[in-house]
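Down below is the structure, laid out as structure tokens.
What follows draws every value from the coordinates through simple rules; no lab data is involved. Please read these numbers as outputs of a predicted model, since none were measured by experiment. Positions of Cβ are generated from backbone atoms using ideal geometry, with glycine treated the same way; all protein chains shown enter the neighbour counts.
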Amino acid sequence: MNQSLPKHERLCRRIAIRMLFEKGMSHKAYPLKMIYLPLSEAEAMQAVKPSEATGLQHPPRAQVLFTVPKRNFKRAVDRNRIKRCLREVYRLNKSLLNDSQVYFLIGFVYIGREEVPFRQLEAKLIFCLQRLQEVQQPLF
């Protein structure tokens, strides 16, 4: 199983990000808040940037966005460290979504006010990904 996190698996397109935050559903597992939006294959392909879609037969199973609010962590160094940890945890555990028949846009928002250890962050993110496995069909 490929455990990389290539560019086409990251959520970068503004239209898709706006759609995720407007129509998406959320789930909290402190210190994370997961916002997700199930999509069909055609909608998932439209969420990928055209420049990154060349050469892809199928869209990625999930496109992911990680954010840490400036309100909780003033220093960019702290925000970047948390985002790096989140990306690493997701990269190591994204295989949990491969069994799903649905494509997802996922946003992970770090809502805690202090940094938590890597293992605790991993447990919470795995819990969130397991919740996504329960979703069987796209909303639209």
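Counted as membrane-span-like here are DSSP H helices of the chain whose alpha-carbon atoms extend 15 Å or more along the helix's own axis and whose Kyte-Doolittle mean is -1.0 or above; these are 76-93, 118-133. Extension gain for Arg131-Glu22 works out to 37.2 nm (0.36 nm per residue, less the C-alpha to C-alpha distance).
Straight Cα distances below 20 angstrom link Lys124 to the lysines Lys28, Lys33, Lys83, Lys94, with same-chain residues fewer than 8 positions distant left out.
With the contact rule set at Cα under 8 Å and sequence spacing of 6 or more, what percent relative contact order holds for the chain?
Working: 212 pairs, mean separation 50.9, N = 140.
Dividing the mean separation by the residue count of the chain yields 36 percent.
Panel note: the C-alpha atoms of the chain, placed on their principal axes, show extents of 40, 31, 30 Å (largest first).
Partners of Lys7 within straight-line reach, counting aspartates and glutamates whose Cα lies under 15 Å from its Cα and excluding those fewer than 8 residues away in the same chain: Glu52, Glu88.
Ranked by the mean number of other Cβ atoms within 10 Å per residue, highest first, peptides 35-44, 20-29 order as 35-44, 20-29. In this structure, Lys49 and Asn2 have a Cβ-Cβ separation that, at R0 = 22 Å, corresponds to a calculated FRET efficiency of about 0.65.
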